[in-house]
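Below is one structure, written out as structure tokens; the observations come after it.
The values are calculated or read from the model by the stated rules, or taken from the named source; none is laboratory data. Just so you know, these numbers come straight off a predicted model, no measurement behind them. Note that we place each Cβ from the backbone using ideal geometry, even for glycine, and neighbour counts take in every protein chain shown.
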Ligand code: GDP
């Protein structure tokens, strides 16, 4: 039996998303691998934007700086919130261009997880390698998305081989493509052993978002079974908890497999690999499902550390703890000067006075409007809590890297780590 998956049922989140329903996500890629297109499709599929922007006609909504649009590369980090399946996904844009590696490092600090996008023809490229290493240094759990499966010469297996050889994680391939190159039209989900097939659409036209779920096509069932076994073997080798069930004739249940994949992602011992074609809007829904299923929430990651008068302080992701946040991006827009914040602990309310701290100075300022940025729109909030990514209007002294904290409980969050030398690209 085939079922049409109703997108509108999945485009929701809790009005005030609980901490474990938040995903602070970055998309990492070599320039041209498709980061902007993937971001764009995520916003489209989640209903955040209603018109699909195209990179080549300059209408993408995440790259809202005209300079950035003109150059066709993502220079300025910005954060966009969208909703998926009861979760809030905050997309933090990480610049992919090597010249802007300091910004990459700063945005990596505020992520809890990332999707690394690879080109299915080129595989791992130098910038994907350097950003991958930076993400390793910051302990950012990742899943991989092999994009452009519709291109001539696209090959998931060789892209996976290059991930294994050049990045050295254990790739855990959870999908089998249905069709190849121009005929790529769906995937077999090897965890649930179900097929997902996307509706045909005119190239470049606004997609219907139509995806149908059904049984694994007969012609692919043997290959899907073989690959499922390979996935189970790889998981059983890395995850002691899965070993017992693996040794039974039935092998791993979908539930155990998904649980093990989540654990391996969060420890960094394995990297879940998905595939698709962002341009054709194929593969985005299962990618979002994987983000929600496998990547951590702010409550799953270690508490942030800061200093006060030389002593160390630890702040857990608790809305009732003293307020502490890191400003990771300052952006002048028509709305005013936006300071993008990652809240690590506590709660801030509109109109509240906070301390803005840098290594040599502390000032107090009043929080003006608090905004959740949703592509080209802003939602006004009365408050923001630990784990949130928001933009605050009206702060004069905060700059990227400043700590914001409760005046009665001051601290300085860790000084940014200096970027490693990046691989230069000819
Ligand atoms: P970024 O530099 O990583 O942000 O990459 P972009 O999203 O700007 O994509 C670079 C180019 O690849 C653009 O011309 C896109 O239209 C194209 N592109 C992105 N995704 C796909 C895909 O899935 N298939 C194909 N054939 N082209 C794609």
Within region 23-36, does at least one residue satisfy the condition of being over 28 Å from residue 167 (Cα atoms) and either at pLDDT 85 or above or within 15 Å of the ligand (Cβ to nearest atom) (or both)? no
Say whether the condition of being farther than 28 Å from residue 297 by Cβ, modelled with pLDDT of 95 or more and within 13 Å of the ligand (Cβ to nearest atom) is met by at least one residue in region 124-147. no
Could you grab me the full set of residues in region 1-22 that are surrounded by 15 or more Cβ atoms within 10 Å (Cβ to Cβ), modelled with pLDDT under 60 and farther than 30 Å from residue 321 by Cα? 7
Out of all the residues in region 321-338, which are assigned to a strand (DSSP E or B) and surrounded by fewer than 22 Cβ atoms within 10 Å (Cβ to Cβ)? 330, 331, 332, 333, 336, 337
Quick check on this structure: which one of 278, 293 is free of Cβ contacts under 8 Å to residues at least 60 places away in the same chain and either away from the ligand (no atom under 16 Å from the Cβ) or more than 15 Å from residue 86 (Cα to Cα) (or both)? 293
Does residue 83 satisfy the condition of being more than 16 Å from the ligand (Cβ to nearest atom), at pLDDT 75 or above, within 18 Å of the chain's Cα centre (by Cα) and in a helix (DSSP H, G or I)? no
Any chance region 302-320 includes a residue that's closer than 17 Å to residue 91 by Cα and not in a helix (DSSP H, G or I)? no
Would you confirm whether or not region 394-402 contains a residue that is crowded, with 18+ Cβ neighbours inside 10 Å and assigned to a strand (DSSP E or B)? no
Taking region 86-102 as the region of interest, how many residues are modelled with pLDDT of 70 or more and either out of contact with any helix residue (DSSP H, G or I) (no Cβ under 9 Å at 6 or more places or on another chain) or part of a loop (DSSP other than H, G, I, E, B) (or both)? 2
Which numbered condition in (1) modelled with pLDDT under 95; (2) over 30 Å from residue 189 (Cβ atoms) is the only one that residue 325 fails? (1)
Those strands (runs of 3 or more DSSP E) completely within region 123-179 that have 3 or more residues that are more than 17 Å from residue 266 (Cβ to Cβ) and over 21 Å from the mean Cα position of the chain (by Cα) are 175-178
For the structure I just gave you, tell me whether residue 202 is assigned to a loop (DSSP other than H, G, I, E, B), at pLDDT below 95 and more than 16 Å from the ligand (Cβ to nearest atom). no
Scanning region 238-256 for residues that are in a helix (DSSP H, G or I) and free of Cβ contacts under 8 Å to residues at least 60 places away in the same chain gives 240, 241, 242, 243, 244, 245, 246, 255, 256
Taking the criterion of being farther than 22 Å from residue 176 by Cα and crowded, with 23+ Cβ neighbours inside 10 Å, would at least one residue in region 280-299 satisfy it? yes
Among 355, 325, 317, 321, which is the only one that is touching a helix residue (DSSP H, G or I) at 6+ places or on another chain (Cβ under 7 Å) and touching a residue at least 12 places away in the same chain (Cβ under 8 Å)? 317
